[in-house]
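What follows is one structure encoded as structure tokens, with my remarks underneath.
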Amino acid sequence: MKTLTFTTNSYNHTVELGETIAKSLLPGQGILLTGDLGAGKTTIISGICKTLGYTGHVKSPTFVIAWLYEGNHPIYHVDLYRLDDYCELENIGWEEMTDESRIYLVEWADKFELPFTADALKLFLEYGDNPDSRKITVEYNERTYPHLEKDLLEYENNRN
Ligand SMILES: Nc1ncnc2c1ncn2[C@@H]1O[C@H](COP(=O)(O)OP(=O)(O)OP(=O)(O)O)[C@@H](O)[C@H]1O
Ligand SMILES: [Mg+2]
């Protein structure tokens with residue numbers, strides 16, 4: 001496992017980090033996001049969706065549990081905030097959501113153990129030193145995401 005940590009200083013910076021990360025995502029893969037209320041999970045997902053070909057509105061599916069977006073591939077945006085165990089997610093079709101033709105993006109992914117996520121990339125979002133800063137840690141398998149580190153470092157260098 002590899003981990004990289006970035007500090008973003010604005011909403012747009014976090015969106016762009018998401019756009020960069022999504023360049024590595026293939027159908028059948030997905031992202032598990034963890035972080036407090038308002039940490040920026042939905043914000044980074046909006047950038048991820050943009051790269052995946054979906055430019056419509058993105059918001060937390062807190063009450064409906066999952067949204068389906070039509071990007072270059074079907075994208076499932078899932079929120080576990082109101083769920084207590086995997087059974088509830090299984091009932092709404094988690095196994096299908098993670099099949100090889102789709103991409104899954106999950107907020108509050110640490111609520112319970114999620115099957116079919118061995119290839120997932122993980123994002124941990126934390127509040128930073130000021131209201132507009134966030135610390136974002138990316139954890140992933142380098143064999144599954146071979147270009148990710150180069151893409152992220154290139155993006156960060158070009159900002160400076
Ligand atoms: N650097 C930053 N990155 C991301 N969001 C930021 C940043 N600075 C300020 N913000 C603000 O923080 C909020 C992040 O909200 P967002 O909906 O993305 O959080 P969330 O983690 O999805 O929360 P929830 O658990 O309620 O779904 C937004 O209001 C955004 O404008
Ligand atoms: Mg959210």
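What the table shows:
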| read-out | value |
| --- | --- |
| Test: residue in the range 85-106 that is under 17 Å from the mean Cα position of the chain (by Cα) and farther than 21 Å from Gly28 by Cβ | no |
| Identity of the residue in the range 1-44, of a type outside the set (D, E, K, R), surrounded by 14 or more Cβ atoms within 10 Å (Cβ to Cβ) and free of Cβ contacts under 8 Å to residues at least 40 places away in the same chain, that ends up nearest to ligand 2 (Cβ to nearest atom) | Thr43 |
| Among residues of the range 52-80, those that are surrounded by 15 or more Cβ atoms within 10 Å (Cβ to Cβ), part of a loop (DSSP other than H, G, I, E, B) and not β-branched (Val, Ile, Thr), counted | 7 |
| Output for the range 21-41, where each listed residue is more than 20 Å from His73 (Cβ to Cβ) and part of a helix (DSSP H, G or I) | Lys41 |
| Residues of the range 145-160 that turn out to be in a loop (DSSP other than H, G, I, E, B) and surrounded by 15 or more Cβ atoms within 10 Å (Cβ to Cβ), as a count | 1 |
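Quick grid of which residues meet (1) part of a strand (DSSP E or B); (2) away from ligand 2 (no atom under 16 Å from the Cβ); (3) closer than 20 Å to Ala22 by Cβ:
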{"position": "Ser101", "(1), (2), (3)": "no, yes, yes"}
{"position": "Ala109", "(1), (2), (3)": "no, no, yes"}
{"position": "Phe112", "(1), (2), (3)": "no, yes, no"}
{"position": "Pro115", "(1), (2), (3)": "no, yes, no"}
{"position": "Glu126", "(1), (2), (3)": "yes, no, no"}
{"position": "Glu139", "(1), (2), (3)": "yes, yes, yes"}
{"position": "Arg143", "(1), (2), (3)": "no, yes, yes"}
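Computed from the coordinates by the stated procedures, all read-outs in this text should not be read as laboratory data. Treat the numbers as computed from the prediction; the structure is a model and nothing was measured. Here Cβ is always computed from backbone atoms with ideal geometry, including for glycine, and neighbour counts include all displayed protein chains.
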